[in-house]
Structure formats: C-alpha cells, structure tokens
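Accompanying notes for the structure given below.
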Amino acid sequence: KMNRLNALAAKQHQARTVGTCHGLLKQELTFRSRLYGGLAGWKLDRTVCVSHALAKQYCQAYFVPSSRVTTIPNAYDPARLRVVTDEERANFRYLHSISTSDSIIVAIGNIAPVKGYGELIEAIGIVVADKPELSPRLLIAGAMREPETTHLRELASDYEITDRVVFLGEFRDISLLFSVAS
C-alpha cells in the first residue's frame, strides 16, 4: 500500500520514487494486490528488496522486470555490536531460566510464516526427541504477530518443547542475544 501511495504522490510532485519489499505473504497476493502492486512496481523508479530470493519472488508476483529491482541485504552490521559483560550474559540466562549447559539458538525477525520459525521449532522438536542430552533452547526475538505466534506456541506444545522455546518479543539489545547464542 505504501509503495502505491509513494508512486502516486511522487508523480504529482515530479520526484523520483523508491519502494521497498521486505517480504511477500501468499495470503496477501490477491488478484487486486497483484494488480496494484504491479502498477506501483512499474511506476516506481526502483524497488529495493532485502534479498535476491525476495527480488525474484517480487518480480514474479508483480510482473515487474528485474531491471527495476535492486537488492540491498537486510542484515545487522557487526561493527555496531557492543561488548557484553559476563554479568549481563549470566543475568539474561537467569531471567530466562537458561542453564549454562544449554545450547542456545537465536532467531531474530518479525513473527511471520515467511520467516520459517515453524520449521525451526519442528527441527528442535526432532533433535530433542532424538538427542535430549543436547538441550537446545530457541530464543525468538521479534514483533509478536497473530495468528502466527499462537500457531508457533501450539507447535512447540505439540512437540513437547514449550520449555525450550522462549518468545522474547521485540528485543532491542541484539549484542546481548548474539553474545549468548551458541
């Protein structure tokens, strides 16, 4: 919707336009959204996608030529990480009931099907069933969106690993998460 409005407003003000695409959800790809999204894609000077795979999906979904799409990877700059103290790590583990022997897997991003959290929970469920001594813990940091969050909690329950999956919600201290990750 923002890209469509951007394209229309820029034309009115004779400005160059850039749109963005951070993800495509299948349930949102209706005939109407493809029509308007495609029109916006053609009206925009350029659309920026956060991965090469997404750029390909965007071009296919909206019938926009790849020459009108640029990829700028969506990643965290390691140079922005701060040094985390042992005390901070210990406090974090204590707050979330995480043993020092637990292997910690960190996943950061908005809770949406396209992110693959369901597959990650399934994988941990399989590992725990096969090798419980590995003791993996999954920390998910990101905006909690429904109904996906409820679905993920139910999936963790189905695999009997609710104690191994921690939903942190929006968590700004990325340095701390990276420092506790195995």
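The values are calculated or read from the model by the stated rules, or taken from the named source; none is laboratory data. None of these values were measured; they are calculated from a predicted model. Don't worry about glycine lacking a Cβ; one is built from the backbone with ideal geometry, like all the others, and counts go over all protein chains shown. Keep in mind that these areas ignore ligands, DNA and RNA; they rest on the heavy atoms of the full protein, side chains included. Shrake-Rupley method; radii C 1.70, N 1.55, O 1.52, S 1.80 Å.
Computed values, structure above
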| quantity | calculated |
| --- | --- |
| In Å², nearest 10: area of residue 52 left accessible to a 1.4 Å probe | 140 Å² |
| Angle in degrees between helix 86-95 and the longest Cα principal axis of the chain, rounded to the nearest 10 | 90 degrees |
| Percentage relative contact order, the chain, counting C-alpha pairs under 8 Å, at least six apart | 18 percent |
| Accessible heavy-atom area order of 105, 140, 72, highest first, probe of 1.4 Å | 72, 105, 140 |
| Residue 88 accessible area, assembled protein chains, probe 1.4 Å, Å² | 60 Å² |
| Surface accessible to a 1.4 Å probe, per residue, for the residues of the chain, Å² | 64 Å² |
| Lysine pairs in the chain with Cα atoms under 24 Å, if 8 or more residues apart or on separate chains | 11 |
| Calculated FRET efficiency for the pair residue 93/residue 20, C-beta based, R₀ 45 Å, to 0.05 | 0.80 |
| With every protein chain in place, the chain: carbon and sulfur % of accessible area (1.4 Å) | 54 percent |
